[in-house]
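In what follows, a structure is listed as structure tokens, so that the remarks can point back to it.
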Amino acid sequence: MMNAGTRRAYGFRSRGARFLPWKRVASVWQTALLSLATILAPLQLTFQPQIALATRGYEASVNKPSLDLSMSPGETRTVILTYTNTGTVTWFRDAKTSYVSLYLAGKTSSPLRHASWRTSDSPARISDVSVAPGKSTTVLFHVSAPSASGTYTETFRLAAEDTAWMYGSETTVTVRVSKGSGTAVSAPLPPSAPAPATAPVSQPVANGSGNTMKAVLLLRSEKSLTLGGDESKKITLGFKNSGSAVWKNMAIKVANVQAAMTNTLLSVYHPSWTSSDTPANVDAVTNPGEIGFITFTLQAPPKRGTYTVRVQLVANGANNVEGGFVDIPVTVTSDGAVQLSPSIVPPSAESIPKNSAFIANEPIIRVGLFRTVDDQMIIGSLQGSFHLFQNGKTVCAFQHGEEVKVRFDRVHGVYQATGPRCNTQSTDVYQIQSLVGPWEPLVMTDFDRPVSWLPGANDNTFRGILELRWSGKDVWPINELPMELYLRGIAETSDVSPLEYQKALLIAARTYAYYHWKRGTKHAVERFHVDGKYDQVYRGYGAEIRSPKIVRAVIETRGQIVTYNGALAITPYFSRSDGRTRSWEEVWYGDPIPWLRGVSVPWDNGKTLWGHGVGMSASGALGMANDGKGYADILKHFYTGIELQLFY
């Protein structure tokens with residue numbers, strides 16, 4: 001008889017009496033053959049062809065087939081296992097089906113279960129969004145020691161949900177519980193966030209000539225951090241070179257940041273960092289036996305909570321050093337205000353003058369997401385409670401996991417809201433907002449906008465306020481949020497493009513959005529400022545979490561706007577020129593605009609025009625960035641005679 005985990009892994013569910021389709025029948029036979037293979041294993045008889053079929057390309061190996069822990073009653077420990085995809089199918093963490101997660105092997109529950117487990121028999125999913133064949137990922141989960149002394153043993157195995165077990169991925173965890181325990185019999189497992197797919201190393205890293213790269217942490221200036229939201233702290237680490245290779249340089253990379261009890265990955269980026277994932281590097285020689293020191297700054301996440309930051313020592317350019325992982329617990333005691341008043345002014349903004357129209361806080365922009373086809377939207381929260389309100393007063397409140405449907409009745413001209421403990425209507429609009437924080441994400445559960453290159457991803461999540469509004473012709477969901485958070489969700493370039501290009505594009509986008517926020521005329525009838533599809537491609541919170549470099553570009557150019565003679569300038573941009581841009585009057589007629597003149601774009605020579613041709617060519621700007629040009633130089637090339645000024 002198969003347990004619940006086995007049924008899930010092979011697609012069996014309790015659906016009542018019904019005939020199984022042939023694929024299900026095949027799966028039953030495959031499972032039976034696997035069981036037979038297990039029975040006959042001592043006789044050295046195998047059924048390899050059937051097993052290969054049953055796994056459907058899902059196979060894995062694990063770095064630790066066994067773990068032996070000694071714990072005190074009630075103690076919680078963190079386990080990190082590294083899995084390599086040895087099959088032929090790419091794994092996905094967030095796919096609707098076949099997502100890869102860790103299960104108990106042969107049981108439906110465990111006395112070692114921690115409250116953070118996703119189900120009674122499944123501790124967690126893989127940490128990476130996708131894992132191609134040959135690549136590695138980690139699974140982080142907690143185990144809790146029972147109150148009674150004794151020895152407890154559980155075996156864990158990866159599974160592709162509703163598809164296949166991954167044989168070869170088994171880890172047997174033995175927990176010995178006794179008073180006064182609490183140390184691992186084998187290697188200890190520190191509380192930690194999962195490392196990225198390429199980070200873990202199971203053998204000493206060779207440095208070309210066969211010399212090994214190993215380290216021992218001898219000094220850390222801070223064992224843990226207690227900070228307010230967005231506050232920062234310098235940390236110094238001292239590593240002894242315990243290998244045989246010389247470190248010609250060393251760097252610290254952030255492997256991961258994880259909130260306790262969740263799978264939420266967060267950023268601790270500080271503007272002093274060398275790059276988006278490298279807080280610091282040191283060009284100094286550290287010989288075997290010597291100690292190398294490195295200092296860097298971490299900025300606390302903006303939200304109150306408990307986090308673990310995992311950093312990795314890297315030497316000689318790109319080599320992870322064995323023993324170089326360091327886990328830094330961070331306790332955030334109060335919420336920050338990164339959205340409206342960042343605690344750190346980006347260095348790139350220090351020389352940018354303030355405009356005479358400078359305001360203390362950034363503007364709140366309203367984005368028309370799309371025209372509905374059914375005059376309604378259904379909203380839930382990404383985490384925590386949320387509420388439906390009018391004019392600042394709560395009408396209905398909801399818990400995480402609940403949903404509210406807001407619909408406009410064209411016949412009677414009223415907005416209707418229905419949900420748990422909620423049934424109301426009004427001629428005035430309703431707004432929905434998280435109660436966890438004003439700009440925390442909400443999920444539009446009836447909106448499907450997949451990401452073409454990331455199976456299972458759906459960009460239906462938005463920070464801030466969601467509102468349904470009748471324009472007199474169409475019904476629009478409107479997203480209201482701070483300008484800088486809006487810019488984080490713009491998806492008009494990839495996260496791998498050069499940072500200076502991203503900054504130029506985002507300043508042009510900010511200027512364009514600010515121009516329409518200031519004038520408020522383009523979509524006045526619809527009661528929003530920009531169209532999230534046709535004015536600028538806005539995909540919301542999903543784009544933000546996939547694009548840490550773009551988030552960095554937004555932060556480092558905060559409030560910077562293109563001006564001409566001190567006045568706000570409109571900044572159109574387009575995909576690609578044919579070697580030159582067009583002047584305003586050449587395309588749209590009317591009076592000439594002095595900063596929108598035709599300029600040569602040698603980076604686009606030989607290409608075809610793609611777009612209206614006025615303002616900045618994205619392709620040309622990318623070419624300039626690849627040639628080492630800074631974002632200000634890029635903007636001043638395409639917008640004649642302009643300056644950059646701070647408007648907030």
- Query: In the stretch 104-115, is there at least one residue being over 15 Å from D162 (Cα atoms), assigned to a loop (DSSP other than H, G, I, E, B) and under 20 Å from the mean Cα position of the chain (by Cα)?
  - Reply: no
- Which strands (runs of 3 or more DSSP E) sit wholly inside the stretch 435-482 and have at least 1 residues that are polar (S, T, N, Q)? 461-463, 475-482
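For (1) within 30 Å of E556 (Cβ to Cβ); (2) crowded, with 18+ Cβ neighbours inside 10 Å; (3) out of contact with any Lys or Arg (no Cβ under 9 Å at 6 or more places or on another chain); (4) modelled with pLDDT of 65 or more, each residue gets a yes or a no:
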position: M213; (1), (2), (3), (4): no, yes, yes, yes
position: E222; (1), (2), (3), (4): yes, no, no, yes
position: A255; (1), (2), (3), (4): yes, yes, no, yes
position: T274; (1), (2), (3), (4): yes, no, yes, yes
- Looking at the stretch 479-495, is at least one residue over 30 Å from A132 (Cα atoms), of a type in the set (F, W, Y), buried (at least 18 other Cβ atoms within 10 Å of the Cβ) and in contact (Cβ under 8 Å) with a residue 24 or more places away in the chain? yes
- Note on the structure: Residue count, the stretch 295-321, condition in a strand (DSSP E or B) and free of Cβ contacts under 8 Å to residues at least 12 places away in the same chain, comes to 0
- Condition broken by V143, with the remaining ones in (1) under 14 Å from S101 (Cα atoms); (2) β-branched (V, I, T); (3) crowded, with 18+ Cβ neighbours inside 10 Å satisfied: (1)
- Item | Test for V554: is it among the aliphatic types (A, V, I, L, M) and more than 30 Å from N361 (Cα to Cα) | no
- So L237, is it at pLDDT 80 or above, in a strand (DSSP E or B) and surrounded by fewer than 16 Cβ atoms within 10 Å (Cβ to Cβ): no
- Residues (assigned to a helix (DSSP H, G or I) and more than 29 Å from P363 (Cβ to Cβ)) located in the stretch 625-648: N626
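Check the stretch 505-528 and report whether any residue there is of a type in the set (A, V, I, L, M, F, W, C), under 23 Å from N391 (Cα atoms), surrounded by 23 or more Cβ atoms within 10 Å (Cβ to Cβ) and over 19 Å from the mean Cα position of the chain (by Cα).
Within the stretch 505-528 (the criterion being of a type in the set (A, V, I, L, M, F, W, C), under 23 Å from N391 (Cα atoms), surrounded by 23 or more Cβ atoms within 10 Å (Cβ to Cβ) and over 19 Å from the mean Cα position of the chain (by Cα)), the answer is yes, since at least one residue qualifies.
Being at pLDDT below 95 and of a type in the set (V, I, T) is true for just one of I379, I364. Which residue is that? Steps first, answer last, please.
Values: I379 fails: at pLDDT below 95.
I364 is the lone residue from the list that is at pLDDT below 95 and of a type in the set (V, I, T).
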- Looking at (1) aliphatic (A, V, I, L, M); (2) over 23 Å from the mean Cα position of the chain (by Cα); (3) in a loop (DSSP other than H, G, I, E, B), can you tell me which one V143 breaks? (3)
- Message: Just to check your reading of the model, which residue among G464, G540, G532, G520 is outside the structural domain of E362 (by TED's automatic domain parsing), of a type outside the set (V, I, T) and farther than 30 Å from N605 by Cα?
- Response: G464
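Every residue, every condition in (1) within 26 Å of T153 (Cβ to Cβ); (2) modelled with pLDDT under 90; (3) under 33 Å from the mean Cα position of the chain (by Cα), yes or no:
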| position | (1), (2), (3) |
| --- | --- |
| P42 | yes, yes, no |
| T55 | yes, yes, yes |
| N63 | yes, yes, yes |
| S72 | yes, yes, no |
| T97 | no, yes, yes |
- Message: Could you go through the stretch 151-169 and let me know if any residue there is at pLDDT 90 or above, over 18 Å from G456 (Cβ atoms) and under 23 Å from the mean Cα position of the chain (by Cα).
- Response: no
- Message: When the residues of the stretch 435-457 are narrowed to those that are aromatic (F, W, Y) and in contact (Cβ under 8 Å) with a residue 12 or more places away in the chain, which ends up farthest from A513 (Cα to Cα)?
- Response: F447
- Item | Single residue of the stretch 602-624 satisfying the filter (assigned to a loop (DSSP other than H, G, I, E, B) and touching a Phe, Trp or Tyr at 6+ places or on another chain (Cβ under 8 Å)) that is nearest to P572 (Cα to Cα) | G615
- Query: in contact (Cβ under 8 Å) with a residue 60 or more places away in the chain, under 16 Å from D428 (Cβ atoms) and buried (at least 20 other Cβ atoms within 10 Å of the Cβ), is that true of V367?
  - Reply: no
- Note on the structure: Of the residues in the stretch 489-532, those that are assigned to a helix (DSSP H, G or I), at pLDDT below 95 and basic (K, R) come to K518, R519
- Item | Criterion: in contact with a Leu (Cβ under 7 Å, 6 or more places away or on another chain), surrounded by 16 or more Cβ atoms within 10 Å (Cβ to Cβ) and at pLDDT 90 or above - qualifying residue of A417, A349 | A417
- Query: Is it the case that the stretch 80-102 has a residue that's surrounded by fewer than 19 Cβ atoms within 10 Å (Cβ to Cβ) and either outside any loop (DSSP other than H, G, I, E, B) or in contact with a Cys (Cβ under 6 Å, 6 or more places away or on another chain) (or both)?
  - Reply: no
- Message: Tell me whether the stretch 543-557 contains one or more residues that are crowded, with 20+ Cβ neighbours inside 10 Å and more than 24 Å from T278 (Cα to Cα).
- Response: no
- Query: What are the residues in the stretch 327-346 that are surrounded by fewer than 20 Cβ atoms within 10 Å (Cβ to Cβ) and modelled with pLDDT of 85 or more, if any?
  - Reply: D327, P329, T331
- Message: Under 7 Å between Cβ atoms, which residue pairs at least 6 apart in sequence (or on different chains) link something in the stretch 387-411 that is in the same structural domain as L468 (by TED's automatic domain parsing) with a partner that is surrounded by fewer than 13 Cβ atoms within 10 Å (Cβ to Cβ) and part of a strand (DSSP E or B)?
- Response: H387/T394; Q390/S426
- Task: Taking the options G611, G615, name whichever one is buried (at least 21 other Cβ atoms within 10 Å of the Cβ) and in the same structural domain as H516 (by TED's automatic domain parsing).
- Result: G615
- Check whether at least one residue in the stretch 458-477 is surrounded by 18 or more Cβ atoms within 10 Å (Cβ to Cβ), of a type in the set (K, R), touching a residue at least 40 places away in the same chain (Cβ under 8 Å) and under 17 Å from I378 (Cα atoms), and report yes or no. yes
- Item | Candidates F647, F574 - the one that is among the aromatic types (F, W, Y), buried (at least 16 other Cβ atoms within 10 Å of the Cβ) and touching a residue at least 60 places away in the same chain (Cβ under 8 Å) | F647
- Candidates Q399, Q390, filtered to the one that is surrounded by fewer than 19 Cβ atoms within 10 Å (Cβ to Cβ) and either touching a Cys at 6+ places or on another chain (Cβ under 8 Å) or under 22 Å from F528 (Cα atoms) (or both): Q390
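The values are calculated or read from the model by the stated rules, or taken from the named source; none is laboratory data. Note that this is a predicted model, so its numbers are computed, not measured. A quick note on method: Cβ atoms are made from the backbone with ideal geometry, for glycine too, and the neighbour counts reach across all protein chains shown.
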